[in-house]
Structure formats: C-alpha cells, structure tokens
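Could you have a look at this structure, given as structure tokens, before my questions?
Every read-out reported here was derived from the displayed coordinates using simple, explicitly stated rules and does not represent laboratory data. Everything numeric here is computed off the predicted structure, so don't read it as measured data. Please note: Cβ atoms are built from the backbone with ideal geometry, for glycine as well, and neighbour counts cover all protein chains shown.
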Amino acid sequence: MKHPGSVWAVLAASLAVLMAAPAGAHHSAAQFDFSTPVTLTGKVKRIRMANPHMRLVLEITDDKRGTRDVEFEGHSLNNFYRSGWRPDMIKVGDRIELRVAPRRDGEDGGYVTGVKTADGQEFGTGTTQRDAESGR
C-alpha cells in the first residue's frame, strides 16, 4: 500500500525549495561592485522612494556616451529615512550627485549608497554589499 500523505509531503518540500531560490536571488547585490564606488552628477527624471527599494532615473552626460537616462536602485525608504533623507529633499528636475556601487557588467546603473543635493544636503551611507543584502 502506498502512502499518499508522503507524496504530498515530498511535493510540498520540493515546491518550498523551488520558491526559495528566486526569493534569495532577488535580494542579491552580487551584480554591484561595492569595492569601487563611483560618483555621478545629473538631473532627476524620476524618483520613487518606497519599499522594498528606492528607484531613481537620472539624466547623465559624459564624453563617451553623451546624454542618456540611467536607472538606479538603492535602499528601502526606511533605511534612507534613517540616514537623513526627508520627502522634500529631491524632486524631479533637481541636479544631484549620486554615490553608487556600479554594475559589475559595465552597463549603466548601480546601487545608490549616497546622495548629495544641489544645496549640499546629504543622506545615505557607505554601504557595503553585506549591508545591501541585509537591507541595512
């Protein structure tokens, strides 16, 4: 006689393992190089300070690639708030300076670890990869 309960237990365990892998990958910061921070300046095109991650599109210009819109991600709203960010500090159209961990693949973008506004206000941290993965 077969044990139908054990079949369901194996299926449930398999499903749990399969679902856990993508969740862990989503929160990985392995695509960013935290050992070589970069500072960029540009005009804010879009900003979304929310959980689980901040999203920001910055219009940047350089000699190699000209002017383009680049998307960045960063800490959660809660983490940025604890590091000094306040809702009126950044608006679309503002020129800001970003400190980012660049993408390892050399593509545009990165993980925002600090922001300096045009009037000199700063927020963010000297984020490490471990901090980014743990949500600090």
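For the stretch 38-134, rounded, prolate or oblate, judged on the Cα gyration tensor with a ≥ b ≥ c (square roots of eigenvalues), a/c < 1.5 rounded, else prolate if a/b > b/c?
Numbers: a/c = 1.75, a/b = 1.19, b/c = 1.47.
The shape class here is oblate.
Are there trypsin sites (Lys or Arg not before Pro) in the stretch 24-102 that DSSP puts in a loop and that have at most 14 other Cβ atoms within 10 Å, and which ones?
On the way: sites: 43, 45, 46, 48, 55, 64, 65, 68, 82, 91, 95, 99; in loops: 64, 65, 91.
Hits after loop and neighbour filter: 64, 65, 91.
Another question, if that's okay. In the stretch 43-74, whose amide N lies under 14 Å from the spot 7 Å out along Cα-to-Cβ of residue 118? List them in ranges.
Correct set: 43-45, 59.
Separate question: Got a sec? How would 67, 41 order by Cβ neighbour count within 10 Å, fewest to most? All intermediate terms of the calculation are to be shown ahead of the outcome.
Details: 67 10, 41 13.
In increasing order of surrounding Cβ atoms, one gets 67, 41.
Any chance you could run the full-extension gain for residue 95 through residue 35? It's 0.36 nm times the residue separation minus the Cα-Cα distance, nm to one decimal.
Numbers: separation 60, 0.36 × 60 = 21.60 nm, distance 2.56 nm.
Going from the current span to full extension adds 19.0 nm.
Quick check on the exposure proxy: order 81, 111 from fewest to most C-beta atoms within 10 angstrom. Show your work: numbers first, answer last.
Working: 81 14, 111 24.
Least crowded to most crowded, the residues run 81, 111.
Taking 0.36 nm per residue of separation and subtracting the Cα-Cα distance, what length does fully extending residue 63 through residue 46 add? Could you put the intermediate results ahead of the total?
Details: separation 17, 0.36 × 17 = 6.12 nm, distance 2.31 nm.
Using 0.36 nm per residue and subtracting the Cα-Cα distance, I get 3.8 nm.
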